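The block underneath contains the structure these notes are about, expressed in structure tokens.
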Amino acid sequence: MKLILLGPPGAGKGTQAKMLTERFAIPQVSTGEILRAAVKDGTPMGQKAKELMDAGGLVPDEVVVGIVRDRLQETDCNKGFILDGFPRTVAQADALQVSLQNMSKKLDRVISLKVDAQALIERLTGRRTCKDCGRGYHVKFDPSRQAGVCDACGGTLIQRNDDQEETIRKRLQVYADQTTPLISYYQEAGVLLELDGMQPIPQVQKEMLSLLQAG
Ligand code: ADP
Ligand code: AMP
């Protein structure tokens, strides 16, 4: 299955992608996670990306397009993949199409998660992530058993630099300006499915699975 999860920051793409990864045994390809790993490792790409990410802006198209092109060629993507956070611009979507064509592959589905702006702010300000294994939590909607400690690995839960309210507002504006055109882009391509992302996490997952199984 070759799938894109589309939606604003905080819509639940990462949360759902991790569940789908287990269910279908295909990798989650999150450009945000790849970029954060590069920042952490202090690579030249990470050093350049950090400032843009902390300010809530987008990393240049050519950088993320290159990341995804290389990642999709790895063998674990042969059976399929879940793209999370990519594409974010029409130029990225066009480049993805070219990459897939070059590999004789085709997208199966794009699932667009819809969530109100107020809920997005609440989700993002309360988001916590394990600094060791990357598992995501929410202080209210999906809390860890012990505050600040990862259930899965015992690692420390941290808050992302860009999950501050002012930066969140900037990211939501960037999404509205640069990414929302992708909804009609994929609608016109006949691959878009829409899902109400305002529901609790298990319900979103249930509806996502039935959409995917309905083909
Ligand atoms: P995205 O990857 O789209 O930016 P995440 O999956 O990281 O979003 O989710 C953002 C935050 O909202 C996380 O803290 C997550 O636990 C929480 N969350 C995800 N889905 C839901 C949901 N359906 N209802 C309430 N909170 C959610
Ligand atoms: P995310 O983890 O998807 O919320 O992404 C975090 C940040 O990484 C974004 O705010 C951007 O700065 C950067 N980023 C992630 N994916 C992309 C992309 N496809 N295009 C440009 N920048 C991206």
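The values are calculated or read from the model by the stated rules, or taken from the named source; none is laboratory data. If you're wondering where the values come from, they're calculated on a predicted model, not measured in any experiment. Positions of Cβ are generated from backbone atoms using ideal geometry, with glycine treated the same way; all protein chains shown enter the neighbour counts.
Going by what's in this entry, would GLU62 be described as within 11 Å of ligand 2 (Cβ to nearest atom), part of a helix (DSSP H, G or I) and more than 14 Å from the chain's Cα centre (by Cα)? So GLU62 passes the test. Please tell me if THR125 is surrounded by fewer than 17 Cβ atoms within 10 Å (Cβ to Cβ) and either touching a strand residue (DSSP E or B) at 6+ places or on another chain (Cβ under 6 Å) or at negative phi (or both). Yes; evaluated as a whole, the condition is true for this residue.
The lone criterion from (1) over 14 Å from THR15 (Cβ atoms); (2) among the charged types (D, E, K, R); (3) under 19 Å from the mean Cα position of the chain (by Cα) left unmet by ARG123 is number (1). Every condition in (1) under 17 Å from the mean Cα position of the chain (by Cα); (2) within 27 Å of LEU52 (Cα to Cα); (3) more than 16 Å from ligand 2 (Cβ to nearest atom) is met by THR156 except one, and the failing one is (1). Selection of segment 1-21 for residues being in a loop (DSSP other than H, G, I, E, B), of a type in the set (A, V, I, L, M, F, W, C) and within 15 Å of ligand 2 (Cβ to nearest atom) yields only ALA11. In segment 108-132, the residues that are in a strand (DSSP E or B) reach residues that are within 11 Å of ligand 1 (Cβ to nearest atom) and among the hydroxyl-bearing types (Ser, Thr, Tyr) with C-beta atoms within less than 8 angstrom, at least six apart or across chains, in these pairs: ARG127/TYR137; ARG128/TYR137; ARG128/SER144; THR129/TYR137; CYS130/TYR137.
A Cβ distance below 8 Å, combined with a sequence gap of six or more or placement on separate chains, defines the contacts here; from segment 190-204, residues that are on the phi < 0 side of the Ramachandran plot and crowded, with 17+ Cβ neighbours inside 10 Å reach residues that are aromatic (Phe, Trp, Tyr) and not in a strand (DSSP E or B) in the pairs LEU192/TYR186. For segment 85-99, a residue qualifies if it is surrounded by fewer than 21 Cβ atoms within 10 Å (Cβ to Cβ) and aliphatic (A, V, I, L, M), and the qualifying residues are VAL90, ALA91, ALA95, LEU96, VAL98. Residue count for segment 65-84 satisfying the condition of being in contact with a strand residue (DSSP E or B) (Cβ under 6 Å, 6 or more places away or on another chain) and either assigned to a helix (DSSP H, G or I) or surrounded by 19 or more Cβ atoms within 10 Å (Cβ to Cβ) (or both): 5.
Considering segment 22-33, and only residues there that are in contact (Cβ under 8 Å) with a residue 24 or more places away in the chain and more than 8 Å from ligand 2 (Cβ to nearest atom), the residue that is surrounded by the most Cβ atoms within 10 Å (Cβ to Cβ) turns out to be VAL29. Say whether the condition of being farther than 20 Å from LEU124 by Cβ, modelled with pLDDT of 95 or more and buried (at least 20 other Cβ atoms within 10 Å of the Cβ) is met by at least one residue in segment 40-55. Checked segment 40-55: no residue is farther than 20 Å from LEU124 by Cβ, modelled with pLDDT of 95 or more and buried (at least 20 other Cβ atoms within 10 Å of the Cβ).
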